[in-house]
Amino acid sequence: SKTPVGFIGLGNMGNPMAKNLMKHGYPLIVYDVFPDVCKEFKEAGEQVASSPADVAEKADRIITMLPSSMNSVEVYSGANGILKKVKKGSLLIDSSTIDPSVSKELAKEVEKMGAVFMDAPVSGDCSDKQIQSSAERRELCVVGEQVDSGVGAARSGNLTFMVGGVEDEFAAAQELLGCMGSNVVYCGAVGTGQSAKICNNMLLAISMIGTAEAMNLGIRSGLDPKLLAKILNMSSGRCWSSDTYNPVPGVMHGVPSSNNYQGGFGTTLMAKDLGLAQDSATSTKTPILLGSLAHQIYRMMCSKGYSKKDFSSVFQYLREEETF
Ligand code: NAD
């Protein structure tokens, strides 16, 4: 039988990811600061630990899925962190989207303890080389009636993992990540998984704002939104934001825009990822003009009541503005 796997952070993403490990027969040792979210796992017969250190004492493979850098540092290096009890030879995989420089720091500390660290952030796009059309791709993202970029793919086990770390350890990580994702991609040294994820989300933010602007301009110019979306999607402006996750209410079924922007990927999380892009751009001396603008737009939205809404609500935000 399989040895237990530790799972820390059972939120929107962690919960369905941990369930997919269970489906593949891995016993779990779970932990979350918010004890209520562990109840479900306890009822399913899994062990609930009292701290990340407790998880590390009971499992030698641990996956973390936490909101941001600060939380990963706390879970690894805090008073009751993983590093307090980690066993030699353990494999520690952080799937949170965090600052690559923080991943590198954590990797150093983990290495000192004789264990292995890998960063393995996820993307919810469900596309695959075999999938030709956007209709097919959309099909894979749909869970029930809802298209949900990250959460839907986490539920259906179709996540893409971008993995950074020592290549020799990749196969061991793949064994677990393959239970939760259909694409597990080795990116290079520690931190490169994060870098790939940050580039993807910066492009996604820009394309979402661009789609929202184009749709709004078209609507104000008298075009029917559904017709305009159809034209974009058969033309060169087509992108994931227009054909799979259109931000205009009523254009597509089962997307957050048709559900008052509930569910999906929160504006706060997008603002966080754009902040990470900003930091990476500074440290690598890279111009990211549109990325910076996207960061400002999503930060502004957070201060104007959009923080909990899906990031496609940038359309609604633009609708509220009228320029001279
Ligand atoms: P979430 O806020 O729903 O879940 C995070 C969980 O971590 C919560 O249950 C919280 O209680 C727990 N947590 C926080 N601090 C903790 C600590 N110190 N110890 C133990 N548990 C702690 O967030 P999410 O949507 O699951 O996202 C997790 C990560 O995945 C983020 O980095 C996010 O950017 C990334 N991500 C999210 C999506 C998405 O669509 N939601 C898609 C791709 C990537």
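Every read-out reported here was derived from the displayed coordinates using simple, explicitly stated rules and does not represent laboratory data. Predicted model, so just to flag it, every value in this text is computed and none were measured. Cβ sites come from the backbone with ideal geometry, for glycine too, and all protein chains shown count toward neighbours.
Of all the listed residues (Ser313, Ser258), the sole one being assigned to a helix (DSSP H, G or I), in contact with a Pro (Cβ under 9 Å, 6 or more places away or on another chain), in contact (Cβ under 8 Å) with a residue 60 or more places away in the chain and under 21 Å from Gly150 (Cβ atoms) is Ser313.
Restricting Ala189, Ala196 to residues that are surrounded by fewer than 19 Cβ atoms within 10 Å (Cβ to Cβ) and in contact with a strand residue (DSSP E or B) (Cβ under 7 Å, 6 or more places away or on another chain) narrows the list to Ala189.
Let's see how each residue does on (1) away from the ligand (no atom under 13 Å from the Cβ); (2) in contact with a helix residue (DSSP H, G or I) (Cβ under 7 Å, 6 or more places away or on another chain):
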site	(1), (2)
Asn20	yes, no
Lys23	yes, no
Tyr26	yes, no
Val30	no, yes
Val33	no, no
Lys42	yes, no
Gly45	yes, no
Ser50	no, no
Ala53	no, yes
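How about region 82-101: which of its residues are among the small types (Gly, Ala, Ser) and either crowded, with 20+ Cβ neighbours inside 10 Å or under 21 Å from Ala154 (Cα atoms) (or both)? Correct list: Ser90, Ser95, Ser96. Residues in region 281-292 that are in a helix (DSSP H, G or I) and surrounded by fewer than 14 Cβ atoms within 10 Å (Cβ to Cβ): 3 in all. Among the criteria (1) crowded, with 24+ Cβ neighbours inside 10 Å; (2) within 12 Å of the ligand (Cβ to nearest atom); (3) touching a residue at least 60 places away in the same chain (Cβ under 8 Å), the one Tyr76 does not fulfil is (3).
Just to check your reading of the model, which residue among Ile206, Ile198 is more than 16 Å from the chain's Cα centre (by Cα), closer than 23 Å to Gly237 by Cα and touching a residue at least 60 places away in the same chain (Cβ under 8 Å)? Walk me through how you get there before you give the answer.
On the way: Ile198 fails: more than 16 Å from the chain's Cα centre (by Cα).
After ruling out the rest, the residue left standing is Ile206.
From Lys308, Lys304, grab the single residue that is in a loop (DSSP other than H, G, I, E, B) and either of a type in the set (Lys, Arg) or surrounded by 15 or more Cβ atoms within 10 Å (Cβ to Cβ) (or both). Don't jump to the end; show me each part of the working.
Values: Lys304 fails: in a loop (DSSP other than H, G, I, E, B).
That would be Lys308, the only listed residue that is in a loop (DSSP other than H, G, I, E, B) and either of a type in the set (Lys, Arg) or surrounded by 15 or more Cβ atoms within 10 Å (Cβ to Cβ) (or both).
The residue that is surrounded by the fewest Cβ atoms within 10 Å (Cβ to Cβ), counting only those in region 102-127 that are among the small types (Gly, Ala, Ser) and assigned to a helix (DSSP H, G or I), is Ala107.
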